[in-house]
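To start, the structure under review is shown below, and the notes come after it.
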Amino acid sequence: MTLGTRLTLWQTFLLAFLLTAFAVISYRALDTGLRAELDRVLVERADHAALAMQAIPNLPIVGVSPGLSSAFTSPGIYLQIVDEAGRIALRSTSLGADSLPVHADRLAEVLDGRSFYETESVADHSVRLYHRPIIRDGRVIGAVEVGGSLYGVEDTLSRLRAIFALIIAGSLIVGALGSYSLTHIGLLPLTRLANLAARIGRARDLSIRISHAGPPDEVGRLAFTLNDMLARLEAAFNSQRSFLAEAAHELRTPLATLIGNADLLARYGNDPERRTTALAAVRTEGRRTARLLSDLLLSVQADTGWRLDLRPTQLADVLRNVVAYSHPFAGGVTITLAEPPPVTLLGDADRLKQVFFNLVDNALKHTPTGGVVSLQVSLLNSWIRVTVRDTGEGIPPDSLPHIFDRFYRAPGQSHGSGLGLSIARWIVEQHSGRITVGSEVGRGSEFSVWLPVPTPQS
Ligand code: ADP
């Protein structure tokens with residue numbers, strides 16, 4: 001069942017419920033009102049007749065003039081007076097040849113001084129009856145029985161039922177048709193959007209955008225959201241594609257070197273000198289490939305929303321470790337570390353080592369022999385700042401905004417994968433920190449890692 005049909009059905013059900021509730025309430029109100037009005041007329045007539053009888057002290061109840069009755073009746077209203085024995089003393093002319101029923105048990109009740117209503121069938125139609133005692137000198141001398149035909153009430157009610165049935169049926173048909181067409185007209189822009197989205201899916205072209213010229217209503221917002229989603233999907237898809245291409249490209253060089261050296265070993269394995277050189281190259285490239293693969297893996301994990309497990313970590317230990325590990329690669333460059341303050345951070349020690357080793361390694365790679373790479377730690381309010389400064393070649397201003405991009409290498413750089421700084425930034429951000437850079441060509445670069453110092457209660 002389509003959304004349009006479902007909405008139409010719901011609206012029709014609601015309309016049917018409202019119309020039926022309105023009809024039932026109006027019908028009941030009119031029914032009660034008409035009957036109450038008739039009852040009121042009956043009481044009024046009965047009271048008048050009874051008072052007239054009571055007001056004539058010596059008038060015997062039997063033999064009252066029939067002319068009296070016309071004063072208390074009108075069309076559809078019947079009056080009858082009975083004496084204590086149940087004999088009819090007077091009948092209104094509106095009764096014709098008929099008379100109102102006289103039951104011994106009801107008469108006994110009236111003679112006991114009680115007044116009451118009942119509905120009886122007289123001459124094949126319903127009549128509302130009101131019984132009332134006639135009391136003269138403190139004694140019940142007879143009963144007034146006033147009847148009102150219910151024909152008028154029932155006729156009015158049955159007409160009303162027919163009118164309501166017609167109105168409800170008509171309104172439901174018109175309402176359902178109207179709702180169906182309005183719902184379908186209203187849903188047209190949505191149908192158009194759905195068709196467009198299906199076309200984009202079939203064409204597998206994420207560059208297609210939905211053109212919506214209408215107002216910025218719900219449909220307009222949906223079109224905007226879909227376009228936004230498509231743009232993000234397209235960007236993610238493109239970045240995934242370029243990531244794969246870059247990753248494959250990066251792996252090609254070390255693998256080619258590995259294969260080349262394996263060939264050398266196969267051919268000249270007996271020559272000890274060549275064998276040693278080839279094995280050293282295999283080892284170096286093997287390590288490079290392993291590091292590249294672990295960087296690629298970490299990059300993918302960063303994309304999938306993987307989070308680091310942070311535990312209390314001594315920053316000083318991390319930095320000392322990095323410096324000790326870097327010394328063998330210094331190649332004539334001096335590495336210094338100013339005594340770091342004993343700060344405990346919430347962090348991942350291995351990943352933090354990776355960040356600082358990467359910064360020191362970059363600094364060493366870009367600093368000529370005789371230069372200095374210095375590490376410094378300073379506390380600034382609730383932040384701790386670790387600076388890795390070098391006296392190397394610096395970074396050209398054009399490259400500076402891109403060095404944290406994945407796979408970015410400054411022009412002319414043939415070494416490295418361009419992954420190091422992008423991973424470093426991801427790791428630092430996982431620690432709720434940030435990484436900044438300042439550099440001057442020919443004078444050197446300065447990378448600062450800002451990490452939050454946990455407050456005592458956290
Ligand atoms: P890689 O692993 O290839 O070094 P990085 O992401 O670590 O990649 O660095 C990206 C680029 O930033 C490098 O190619 C280099 O050009 C530049 N760079 C990073 N650190 C320094 C530095 N200390 N001095 C000069 N250039 C640097």
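If you fit an axis through the alpha-carbon atoms of helix 3-55 and take the longest principal axis of the Cα set of the chain, what angle between them do you get, 0 to 90°, nearest 10? So the inclination is approximately 30 degrees. Annotation: amide H of residue 136 within the under-5 Å range of 141, sequence separation 5 or more or interchain, hydrogens built in the peptide plane.
Please work out the FRET efficiency for the pair residue 324 and residue 249, using the Cβ-Cβ distance as r and a Förster radius of 35 Å; give the result to the nearest 0.05. Step by step, r from the Cβ atoms, then E = 0.55.
Taking 7 Å steps out from each Cα toward its Cβ at residue 122 and residue 21 produces label points 4.2 nm apart. Distances between placed amide hydrogens fall under 5 Å for residue 441 paired with 395, all partners being 5 or more residues away or on another chain. What angle, in degrees between 0 and 90 and rounded to the nearest 10, separates the Cα long axis of helix 420-430 from the longest principal axis of the Cα atoms of the chain? Rounded to the nearest ten degrees, it is 40.
Stretching residue 140 away from residue 160 to a fully extended chain increases their span by 2.9 nm, per 0.36 nm per residue minus the current alpha-carbon distance. Counting only DSSP beta bridges with both residues in the chain, what percent are antiparallel, rounded to the nearest 5? Bridges in the chain that DSSP calls antiparallel: roughly 95 percent.
With 0.36 nm allotted per residue and the present C-alpha distance subtracted, the residue 85-residue 108 stretch has 7.3 nm of extension available.
If you take all other residues with their beta carbon under 11 Å from the beta carbon of residue 230, and give Lys and Arg +1 and Asp and Glu -1, the sum is -1. If R0 equals 30 Å, the separation of the Cβ atoms of residue 273 and residue 372 corresponds to a calculated FRET efficiency of about 0.20.
Using only Cα atoms and rounding to the nearest 10 degrees, what angle (0 to 90) does helix 349-365 make with the longest principal axis of the chain? Value to nearest ten degrees: 40. Calculated on C-alpha atoms, the gyration radius of the chain divided by its Kirkwood radius gives an Rg/Rh of 1.56. Full extension of the chain between residue 222 and residue 334 yields a length gain of 34.3 nm, computed as 0.36 nm times the residue separation minus the alpha carbon distance.
Here the Karplus relation 6.51 cos²θ - 1.76 cosθ + 1.60, evaluated at θ = phi - 60°, turns the backbone of the stretch 277-293 into coupling constants of 4, 5, 5, 5, 5, 4, 5, 4, 5, x, 5, 4, 5, 4, 5, 4, 5 Hz, with x for every Gly and Pro.
Rounded to the nearest 20, the size of the Cβ-charge dipole of the chain about its Cα centre is 1720 debye, with Lys and Arg at +1 and Asp and Glu at -1.
Positive end of the dipole of the stretch 3-156, charges at C-beta (+1 Lys, Arg; -1 Asp, Glu), about the Cα centre: which of 143, 81, 4 has its Cα farthest in that direction? Toward the positive end, the furthest listed residue is 4. Relative contact order for the stretch 168-248: 23 percent, from Cα pairs under 8 Å spaced at least 6 residues apart, divided by residue count.
Every number here is computed from the coordinates shown, using simple stated rules; none is lab data. The shown structure was predicted, so the numbers you read here are calculated from the model rather than taken from an experiment. Virtual Cβ from ideal backbone geometry, glycine too; neighbours counted across all protein chains shown.
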